[in-house]
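The values are calculated or read from the model by the stated rules, or taken from the named source; none is laboratory data. Computed from a predicted model, the values in this text were never measured in an experiment. No Cβ is skipped: glycine too gets one built from the backbone with ideal geometry, and neighbour counts run over all protein chains shown. Heads up: the accessible areas ignore ligands, DNA and RNA and are worked out on the full protein's heavy atoms, side chains in. Shrake-Rupley method; radii C 1.70, N 1.55, O 1.52, S 1.80 Å.
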Amino acid sequence: MRTLPSSLHDDVALQLRNYIFDGQLRPGSFIDEVTLCELWSISRTPLREALKVLAVEGLVTMKLRRGAYVTEVSERDLAEVFHLLSLLECDAVGVVAKQATDAQLANLVALHERLEASVGDADAFFAANERFHTELLDIAGNRWRNQMVADLRQVMKLSRHHSLLKEGRLEASLQEHRDLLSAIQSRDAKRAQELMHEHMAQGQEAAALR
């Protein structure tokens with residue numbers, strides 16, 4: 001089946017996301033449309049369409065008569081995001097513990113081994129951590145929940161204080177993943193949900209802006 005090419009504004013939206021997550025556009029910073037249009041050799045139309053997309057995702061804030069800014073994440077924002085993530089991912093992990101096939105469990109084990117092997121490389125650990133959580137959601141199989149979690153995790157990436165960068169948090173997170181995987185393998189849905197709730201609570205505490 002032939003895949004249709006992405007539209008220009010989709011490409012621009014992707015580039016903007018990369019700029020934001022790479023720190024080239026910092027939270028609270030003004031998005032200079034003129035400069036970006038010149039840099040990327042595009043008109044204002046695809047850029048403005050891309051900004052609308054990112055505004056819906058929560059990454060960009062549109063201010064009346066002032067233009068577009070990268071969204072700033074407050075303490076309250078983080079608390080609300082972690083609260084919703086906890087509800088959604090606790091629900092998902094309960095489904096996984098009850099319904100995952102042996103092959104799906106084996107894939108989770110392989111992803112966890114990748115997480116273990118990435119200790120010492122922060123970028124690789126972040127990527128492996130996100131992939132593990134994404135796999136749990138994929139196994140649970142609710143596309144609406146998956147989309148909500150994806151949007152919430154994008155907002156969480158805006159925080160200048162990444163929870164895994166706090167001293168000792170990476171090692172603690174790894175142990176939480178070990179315990180969580182063990183509960184899933186034991187088909188203990190209730191315990192898996194309790195551990196996911198605690199995992200999220202610890203992540204929220206480490207990510208606090210104070």
**OP:** Return yes or no: is residue 110 at pLDDT 95 or above, more than 17 Å from the chain's Cα centre (by Cα) and surrounded by 13 or more Cβ atoms within 10 Å (Cβ to Cβ)?
**Re:** no
Original post:
Name the pairs: first residue in region 64-88 and closer than 21 Å to residue 30 by Cα, second residue in a helix (DSSP H, G or I) and open to solvent by 50 Å² or more (accessible area, probe 1.4 Å), Cβ to Cβ under 9 Å, at least 6 apart or on different chains?
Top reply: 68/48; 71/77
**OP:** Return the total of residues in region 24-57 being within 21 Å of residue 159 (Cα to Cα) and among the β-branched types (Val, Ile, Thr).
**Re:** 3
Original post:
Looking at this structure, is residue 72 of a type in the set (Asp, Glu) and part of a helix (DSSP H, G or I)?
Top reply: no
Subject >> Top-ranked residue in region 143-181 [being closer than 17 Å to residue 84 by Cα and open to solvent by 60 Å² or more (accessible area, probe 1.4 Å); ranked as modelled with the lowest pLDDT] >> reply: 157
**OP:** Considering each of 187, 191, 210 in turn, give the residue that is open to solvent by 70 Å² or more (accessible area, probe 1.4 Å), modelled with pLDDT of 95 or more and either over 25 Å from residue 109 (Cα atoms) or outside any helix (DSSP H, G or I) (or both).
**Re:** 187
Original post:
Of all the residues that make up region 88-107, how many are farther than 17 Å from residue 131 by Cα and open to solvent by 10 Å² or more (accessible area, probe 1.4 Å)?
Top reply: 6
Original post:
If you check every pair at least six apart or on different chains, which have Cβ atoms under 6 Å apart with a residue in region 24-41 that is in contact (Cβ under 8 Å) with a residue 12 or more places away in the chain first and a residue that is among the aromatic types (Phe, Trp, Tyr) and surrounded by 11 or more Cβ atoms within 10 Å (Cβ to Cβ) second?
Top reply: 25/19; 30/69
Original post:
If we scan region 74-87, do we find a residue that is more than 30 Å from residue 33 (Cβ to Cβ), open to solvent by less than 60 Å² (accessible area, probe 1.4 Å) and of a type in the set (Val, Ile, Thr)?
Top reply: no
